[in-house]
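Every number here is computed from the coordinates shown, using simple stated rules; none is lab data. Model, not experiment: these values are computed from the prediction. Positions of Cβ are generated from backbone atoms using ideal geometry, with glycine treated the same way; all protein chains shown enter the neighbour counts.
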Amino acid sequence: MEDNERLIMDFMKQNRQDIVDDGFTERVMRGLPERKPQRDWLPAVWNGGMMMMVIILFVAFGGVELVKDALIQNIDMALAQGIDMRVIFGLMCAFVFYISQRAIQKA
Amino acid sequence: MNSLSDIALVTQVVVLHNKSAFDQLVRKYQSQVRRFFLNQTCGDKELSDDLAQDTFIKAYTSLNSFKGAANFSTWLYRIAYNVFFDYIRSQKPTSDLEIVTTDAAYSNEQQDIGKKMDIYAALQQLKEAERTCITLFYMEELEIKKIAEITGLAEGTVKSHLSRGKEKMANYLKQNGYGR
């Protein structure tokens, strides 16, 4: 087995030839099609711009205050009805985990 | 270092549409790609050059899909392998690739006898998959893992092809006066 290995290795090395270009590259370059210009950045720029606009409008029209008030109101109501804060915290953690998993999957 | 310069050249082609960067890549890899095809076709120079040209054109058009996770060389071999097997399939649409050995149709009528004739005659003893594994392993000195990556075969299958190919080739070489 060792002999076979050595025999083939030597034979292959002896027959390994470097091929001179001899105009091959030029023929390939002449045959290349035109590359279509990449437009990959367009959707990314569009999405980014839209996202920025949504955030600006959200802040400008008092969205942050609105969400904060609603959250406080809901927590007050929950406390008034005797719901354990740990349950709310657990649910919020689960929600954040779910959202982050979705984001990772999308990425 | 090599792969870094390859990635730099690929980036220049993809982002800046710099054709001369691709020219450098073709010059760098033409020998190994053409040698790969010469071995697979058992010495048919014209066919090898046509397939090598197809390979580089395919590489150029799908350069965006090269993510740099593999070597550029491995990525190129994978395209070359697919180009060759697409060609084989187009020639033999109904036959099973695994059981077909190369017939004389793929073999060039060599003008010169001697060394070259011997290597191609020896390679002709092998099935296509065996020939691919043997040449990539012994001539191009690629690891089994890389060969598996190029061919899409499991590492165990590559090892089996290597083992069978090695036995056939050694027998042929011994019958023809080598290793004495």
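So the values come out like this:
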item	result
Members of region B:33-62 that are within 24 Å of B:Lys19 (Cβ to Cβ), at the interface with chain A (Cβ under 8 Å from one of its Cβ atoms) and out of contact with any Leu (no Cβ under 6 Å at 6 or more places or on another chain)	B:Arg34, B:Asp49, B:Ala52, B:Gln53, B:Phe56, B:Ile57, B:Thr61
Qualifying residues in region B:63-94 (those that are within 23 Å of A:Thr25 (Cα to Cα) and within 14 Å of chain A (Cβ to nearest Cβ)) - the one farthest from the chain's Cα centre (by Cα)	B:Asn64
Elements of type helices (runs of 4 or more DSSP H) contained in region B:118-180, each with 3 or more residues being more than 10 Å from every other protein chain (Cβ to nearest Cβ) and either over 13 Å from the mean Cα position of the chain (by Cα) or among the hydrophobic types (A, V, I, L, M, F, W, C) (or both)	B:144-151, B:155-175
The listed residue being of a type outside the set (S, T, N, Q) and either touching a helix residue (DSSP H, G or I) at 6+ places or on another chain (Cβ under 8 Å) or under 30 Å from B:Asp50 (Cα atoms) (or both), out of A:Phe11, A:Phe97	A:Phe11
Region B:142-162 - residue that is out of contact with any helix residue (DSSP H, G or I) (no Cβ under 7 Å at 6 or more places or on another chain) and among the hydroxyl-bearing types (Ser, Thr, Tyr) and, of those, farthest from B:Leu126 (Cα to Cα)	B:Thr157
Residue match in region A:45-54 (condition: more than 9 Å from chain B (Cβ to nearest Cβ) and within 30 Å of B:Ser31 (Cβ to Cβ))	no
Test: residue in region B:21-30 that is in a helix (DSSP H, G or I), surrounded by fewer than 16 Cβ atoms within 10 Å (Cβ to Cβ) and more than 11 Å from chain A (Cβ to nearest Cβ)	no
